[in-house]
Amino acid sequence: MWKLHRYYLRELLISAGITFLVLFAVVLVSLVYRGIQKARGGELIDAAMITLLFALDSLQHLLTISFLIAVVMTFTRAAQDRELVAIRAAGISPRTPMTAALLAGILLSVLGSFALHYVIPWVHYRKYRVIADVVQKAFTSLQLGSDRIKVLDTGYLLTFREHRGEEYFGCTVYCPRPLEDQTSPILLVDRVAIPKPRDGALSIELYGITDPTGEVPTNGGGFSFRIPLNELAGRDRRDDRDDDLRSDQLLAEVLRGMHRRPHEAVYTLFRRCCFALMPAVLAPIGYCLAELARDRGRVVALMLALVPLVLFYLGEVLGARLLLSSGSPWSAWLPLGLLAVFGVPLCWRQLRR
């Protein structure tokens, strides 16, 4: 029997691997623009890293979909080539070839469980913090190597004729926020100093200020103001969420009573377990769908494979709604419940024929 298992295991894993690579490449290409937008002010490597991390965040979905497609396509081919008929005619139970899919599903469930509980939370955390040092991004976004400095998302714009160290000479400054008795948003400044940020803010010191509309010095010709570094970091910053924490950290917060919304934390834990079990649950369902579509072709088999996927993601949406309405974290298991309602009668019918 092991030869039979090995025969289908090899085909399954190769098919699943190719499908996963194709889907991952599609997701990666679709996220390139988003990565470039998120990395404004950063380097090319920052954009590439953001794109990769956003693609890796969908790993559990891609594993599940690619494995189900591989199971359906592998055993639909075996059914059309009458291999499954020959196995039944030889007196071998149909559960024997299905065992190969079940073994592969269990293996992917174990790997997916580790990824969902430990790797994906880290990816989810890091994808918003590729440029971890806010000061570094602030100076990167300033583009100090050119004759024009634009502070991202603040509106300040500085042009200069000469640059020595941290000081700029012969400057023209556009200020969206008026300075005291300033009447024009554009100022002529003899010297601008931008020292290194301290205390979470960037200081900009102006010396020899002239208002071009009235030739009136502002504050005796000098002015200094501070810009918080979180403004330089852009508008994409956000607080940490449950998705950013590993499962052991999340569970520790719940058990110690430190989590503000423990029912949502438990829901997140259950949801990760539900996603991890998906490959093992879909293995027998995919096998039975392949047998069911034996005389209808592979396109019909792929269409039938959409049914368990639609049920699962429908349960995902309904489970989140039930959590909001009832506050019960057990709603995270609703996707598996819907799959059981669909899969148990299907497998019972196909395996007992």
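Extension gain for residue 210 to residue 241 (0.36 nm times residue separation, less C-alpha to C-alpha distance): 6.4 nm. Between residue 119 and residue 324, the modelled label-to-label distance comes to 3.2 nm, taking each label 7 Å out from Cα in the direction of the beta carbon. Extension gain, residue 313 to residue 44: 0.36 nm times the residue separation minus the Cα-Cα distance gives 93.3 nm.
Can you give the FRET efficiency for residue 22 and residue 111, using 1/(1 + (r/R0)^6), R0 = 22 Å, r = Cβ-Cβ distance, to the nearest 0.05?
Taking R0 as 22 Å, the efficiency between residue 22 and residue 111 is 0.70.
Positive end of the dipole of region 260-318 (Cβ unit charges, origin at the Cα centre): among 265, 286, 276, the Cα lying farthest that way belongs to 265. In this label model, residue 342 and residue 263 are separated by 2.8 nm, measuring between points 7 Å along each Cα→Cβ vector. For the pair region 66-104 / region 294-353, the C-alpha centres are spaced 21 Å from each other. Scaled against the 2.2 N^0.38 Å expected of a compact globular protein of N residues, the Cα radius of gyration of region 273-353 reads 1.21. Applying 1/(1 + (r/R0)^6) with R0 = 41 Å to the Cβ-Cβ distance of residue 88 and residue 126 gives a FRET efficiency near 0.25. Ligands, DNA and RNA are left out, and with a 1.4 angstrom probe the accessible area of region 25-94 is 45 Å² per residue.
The values are calculated or read from the model by the stated rules, or taken from the named source; none is laboratory data. Nothing here was measured: the structure is a model prediction, and the numbers come from that model. Cβ sites come from the backbone with ideal geometry, for glycine too, and all protein chains shown count toward neighbours. For accessibility, only protein heavy atoms count, side chains too; no ligands or nucleic acids. Shrake-Rupley method; radii C 1.70, N 1.55, O 1.52, S 1.80 Å.
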